[in-house]
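Participant: Sending over a structure as structure tokens; questions will come in a sec.
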Amino acid sequence: MSSARPVDEDALKQAFDRDGYVILKAFLASTVIEGVREELDVLVDRQAERLLALERITDPFRHAPFETRIARLFEYCMELAPTSFRPELHGPRLFDLFFHPRLLDVAELLLGPEVRLYPNYTARPKFPDWKGTLVLWHQDGGYTAQAADGVETLRMLNVWAPLVPATEENGCMQFVPGTHRLGIVPHEKREYYLEISQEELDPRLGQAVSIEVDPGDVVLFHNLMFHCGLPNRTRKVRWSMDWRYQDATQPTMRAQLGHMARSGKAPENVVRDRKDWAERKFQ
């Protein structure tokens, strides 16, 4: 389901309960996306400096476009390429994404008044034709189930936003609608990621839908949704952001506590602004 502004709360809740996902079209202002890309440019600069120090490159490609620069940096040393960025995501303008007021309104609608930014917020550069960033069919809850029992009780909202157009050609996500109602299914460990067992997956692959979206769109989905990322068959990097909100009355089932986004019980703990976010650490 796609949702235009303003958000129809009843329709959103019905679609999320039925399908396990909704798409909020043109939800984020271009200034928010530009700010995120600028923060990621800083991280790519650091990667270039690292490779220069290691004498693995001689050209930092400072003037290369956002969509290709990181791929050019690691073209001949993919063994050093990052599959994601996480602890580094405390640049000030990332506050505008993770703590977007209208997005937190939606999170509160689905999760309740106490909302935590879960300690799993990530920037992903999906490199062309590289298995290191090929995401297999899985449930996010399948990962948590490896560490704790009772994962089905975690009340989570997954959020995904592209920073470049996401298409089938460059590796957009695919969902199998309604699979969030199956609970945790068996997963098998692969080289980089977990994968849903074939006996659970094969009968349902014919129902898969491609989630083609543009910068500014926001995809919300259940943490038990069957989903994957298609291979990137282009010469550009498919950059995206993914993060999660959680009912903050529950534990994270991780060593990290996350960051409070909305709270009536302890408003003093809520991340206040860009400066506050930039001074915090991944925790």
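The values are calculated or read from the model by the stated rules, or taken from the named source; none is laboratory data. None of the values given here were measured: they were computed from a predicted structure. Glycine also receives a Cβ, built like all others from the backbone with ideal geometry; neighbour counts cover every protein chain displayed. Note: areas computed on protein heavy atoms with side chains; ligands, DNA, RNA excluded. Shrake-Rupley method; radii C 1.70, N 1.55, O 1.52, S 1.80 Å.
Participant: Step by step: first the residues of the stretch 250-262, then only those that are part of a loop (DSSP other than H, G, I, E, B) and open to solvent by less than 20 Å² (accessible area, probe 1.4 Å), then the one that is nearest to Phe98 (Cα to Cα). Which residue is that?
Facilitator: My answer is Gly258.
Participant: Further question: From the residues in the stretch 219-249 that are among the hydroxyl-bearing types (Ser, Thr, Tyr) and not in a strand (DSSP E or B), which one is nearest to Thr179 (Cα to Cα)?
Facilitator: Per the stated criteria, the residue is Thr249.
Participant: Right, something else. State which residue is farthest from Leu28 (Cα to Cα) when the search covers only the stretch 99-140 and only residues that are out of contact with any strand residue (DSSP E or B) (no Cβ under 6 Å at 6 or more places or on another chain), at pLDDT 95 or above and open to solvent by 40 Å² or more (accessible area, probe 1.4 Å).
Facilitator: The qualifying residue farthest from Leu28 (Cα to Cα) is Pro113.
Participant: When you check Pro60 against the structure, is it at pLDDT 95 or above and crowded, with 16+ Cβ neighbours inside 10 Å, yes or no?
Facilitator: Against the criterion (at pLDDT 95 or above and crowded, with 16+ Cβ neighbours inside 10 Å), Pro60 qualifies.
Participant: While we're looking at this one, here's another question. Looking at the stretch 24-32, can you tell me whether even one residue there is among the aromatic types (Phe, Trp, Tyr), touching a Phe, Trp or Tyr at 6+ places or on another chain (Cβ under 8 Å) and in contact (Cβ under 8 Å) with a residue 60 or more places away in the chain?
Facilitator: For the stretch 24-32, residues among the aromatic types (Phe, Trp, Tyr), touching a Phe, Trp or Tyr at 6+ places or on another chain (Cβ under 8 Å) and in contact (Cβ under 8 Å) with a residue 60 or more places away in the chain: absent.
Participant: Going by the structure shown, is Asp96 part of a helix (DSSP H, G or I) and either on the phi > 0 side of the Ramachandran plot or surrounded by fewer than 16 Cβ atoms within 10 Å (Cβ to Cβ) (or both)?
Facilitator: no
Participant: Further question on the same structure: Looking at this structure, is Glu67 touching a Gly at 6+ places or on another chain (Cβ under 6 Å), buried (at least 17 other Cβ atoms within 10 Å of the Cβ) and more than 21 Å from Met156 (Cα to Cα)?
Facilitator: No: the conditions fail for Glu67.
Participant: Right, next: Any idea which residue in the stretch 166-209 is nearest to the chain's Cα centre (by Cα), counting only those that are aromatic (Phe, Trp, Tyr) and farther than 20 Å from Arg18 by Cα?
Facilitator: Tyr193
Participant: Look at Glu200 and say whether it is touching a residue at least 40 places away in the same chain (Cβ under 8 Å) and of a type outside the set (A, V, I, L, M, F, W, C).
Facilitator: no
Participant: Turning to a different aspect of this structure: Take Ala53 and tell me if it is surrounded by fewer than 18 Cβ atoms within 10 Å (Cβ to Cβ), more than 27 Å from Phe74 (Cβ to Cβ) and of a type in the set (A, V, I, L, M).
Facilitator: Criteria not met by Ala53.
Participant: Count, please, the residues in the stretch 201-216 that happen to be outside any strand (DSSP E or B) and at negative phi.
Facilitator: Going through the stretch 201-216 one residue at a time, the tally reaches 10.
Participant: In the stretch 263-283, which residues are in contact (Cβ under 8 Å) with a residue 24 or more places away in the chain and open to solvent by less than 60 Å² (accessible area, probe 1.4 Å)?
Facilitator: Ser263, Val271, Asp276, Trp277, Ala278, Arg280, Phe282, listed by residue number.
Participant: Going by the conditions given, is Asp247 surrounded by fewer than 21 Cβ atoms within 10 Å (Cβ to Cβ), of a type outside the set (Phe, Trp, Tyr) and touching a Lys or Arg at 6+ places or on another chain (Cβ under 7 Å)?
Facilitator: Criteria met by Asp247.
Participant: Hey, another quick one. Is it the case that the stretch 75-85 has a residue that's open to solvent by less than 30 Å² (accessible area, probe 1.4 Å), touching a residue at least 60 places away in the same chain (Cβ under 8 Å), in a loop (DSSP other than H, G, I, E, B) and closer than 27 Å to Val176 by Cα?
Facilitator: For the stretch 75-85, residues open to solvent by less than 30 Å² (accessible area, probe 1.4 Å), touching a residue at least 60 places away in the same chain (Cβ under 8 Å), in a loop (DSSP other than H, G, I, E, B) and closer than 27 Å to Val176 by Cα: absent.
Participant: Continuing with the same structure: Among the residues that make up the stretch 28-50, is at least one of them open to solvent by 60 Å² or more (accessible area, probe 1.4 Å) and under 19 Å from Gln246 (Cα atoms)?
Facilitator: no
Participant: Going through the stretch 184-200 one residue at a time, which ones are touching a strand residue (DSSP E or B) at 6+ places or on another chain (Cβ under 8 Å) and in a loop (DSSP other than H, G, I, E, B)?
Facilitator: Val185, Pro186, Tyr193, Ser197
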